[in-house]
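Colleague: For reference, the structure I am asking about is given below.
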Amino acid sequence: MSQKMLNSLDGNAYEDFPEYYDLLYQRYFKSVPKFISLIETETKKGWKLLEIAAGTGEVVIPLLEDGYDVTSFDLNEGMLKELQKKASIKGLAAKVIHGDMNEIDFLEAFDLIYMRQSINYFLGENNLQNGLKKINRALKPGGKFIFNAPNFRKEQPDYPVVKNIYEYGDRYAFVLETNELDGRILKHAQDSIVWKDGGQPRYIKDSNDFYMYTKEEFDKSLEKAGFPERKILGGDLRVYKEDSKTIYGVAKK
């Protein structure tokens, strides 16, 4: 590798280089329209919403454009700044709170809380149940919680290497993605080459860990956290099937 290619970044996109997140994680935005449609189905006009692990605003910005009252909560200030920047370009006022999703401390403040592709950052069943109890406390009576997650099954296939070329704004990226299962921890890594037209390429290495849960474990944890009404849907937002790659959950306090 030449000296010019040593212009590199190594870390976590959320914390260390949030300005590259929208470029490098486009594969994970495919579920956004489906997730928004589920929110719209489960909400009523005038409801107050909280999104946990808001990221750079791929869900909240369309909701704000449709007139929803949403507060965005995220651990990483850099991600929230990217969210606010994108909202401002569209003339939207985004309400944001910087904080740890393991330590949310609201009392009956929201009608609906949602987490898109982030519930697996509760690492382990105790952390999941504790986090869900805090979410329950933050909901008004009769409030709802919505999430989606990978559908972990006992017989997991090997995770194939995924290769993509992305474009975002004036940047391009070749992304090589690998996922390796270590017990219940999924170790996710992305090695990317990023460039602009006529510019020198930059190498970016990005990694993070998730805890993989089964449908039954989600349902049990929701019940223990105080959600008497629960439904787990398949990736098509219909009846859950064993071979569903993704599950969607709706729980009512």
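The values are calculated or read from the model by the stated rules, or taken from the named source; none is laboratory data. Everything quoted here is computed from the prediction, not taken from an experiment. FYI the Cβ positions are ideal-geometry reconstructions off the backbone, even for glycines, and counts take in every protein chain you see. Note: areas computed on protein heavy atoms with side chains; ligands, DNA, RNA excluded. Shrake-Rupley method; radii C 1.70, N 1.55, O 1.52, S 1.80 Å.
Colleague: Using 0.36 nm per residue, how much length does the chain from residue 220 to residue 181 gain when fully extended, once their Cα-Cα distance is taken away?
Modeller: 11.8 nm
Colleague: Given the Cα atoms of segment 96-253, and with Rh set as the inverse mean 1/r over their pairs in the Kirkwood sense, what is Rg to Rh to two decimals?
Modeller: Radius of gyration over Kirkwood radius for segment 96-253 works out to 1.04.
Colleague: State in Å² the accessible area per residue of segment 44-180; use a 1.4 Å probe, count heavy atoms of protein chains only, and round to the nearest integer.
Modeller: Values: 6660 Å² over 137 residues.
Heavy-atom SASA per residue in segment 44-180 reads 49 Å².
Colleague: Per residue of the chain, what 222 nm ellipticity follows from adding -39500 (n - 2.57) for every DSSP H run with n ≥ 4, rounded to the nearest 500?
Modeller: Details: 6 runs with 58 residues, N = 253.
Only helices count here, giving -6500 deg cm²/dmol.
Colleague: How much of the accessible area of the chain, in percent, comes from carbon and sulfur atoms when a 1.4 Å probe is used?
Modeller: Roughly 49 percent of what the probe reaches on the chain is carbon or sulfur.
Colleague: Please sort 162-168, 53-59, 204-210 by packing, taking for each peptide the average over its residues of neighbouring beta carbons within 10 angstrom, highest first.
Modeller: 53-59, 204-210, 162-168
Colleague: Further question: With an 8 Å cut-off on Cα pairs and a minimum separation of 6 or more residues, tell me the relative contact order of the chain in percent.
Modeller: Details: 501 pairs, mean separation 50.3, N = 253.
Rounded, it is 20 percent for the chain.
Colleague: State, to one decimal in nm, how far the label point of residue 236 lies from the label point of residue 158, with both points 7 Å from Cα in the Cβ direction.
Modeller: 3.0
Colleague: Separate question: Over segment 61-180, what is the relative contact order in whole percent, taking alpha-carbon pairs under 8 Å and six or more residues apart? Numbers along the way, then the final one.
Modeller: Values: 140 pairs, mean separation 23.1, N = 120.
Normalised by residue count, the contact order of segment 61-180 is 19 percent.
Colleague: Also, quick follow-up: Which of 85/253; 85/252; 90/163; 30/86 have a Cα-Cα distance over 30 Å?
Modeller: 85/253; 85/252; 90/163
Colleague: Further question: If you put +1 on each Lys and Arg Cβ and -1 on each Asp and Glu Cβ, how big is the dipole of segment 35-90 around its Cα centre, in Debye rounded to 20?
Modeller: On the way: 7 positive and 10 negative charges, 36 e Å.
With Lys and Arg at +1 and Asp and Glu at -1, about 180 debye.
Colleague: Sticking with this one: Applying 1/(1 + (r/R0)^6) with R0 = 25 Å to the Cβ-Cβ distance of residue 65 and residue 42, what FRET efficiency is obtained, to the nearest 0.05? If you can, show how the numbers build up before the last one.
Modeller: Working: r = 19 Å, r/R0 = 0.74.
Result of the calculation: an efficiency of 0.85.
Colleague: Comparing 72, 37, 221, which has the greatest mean-square fluctuation in the GNM of the chain with Cα pairs linked when under 10 Å apart?
Modeller: 37
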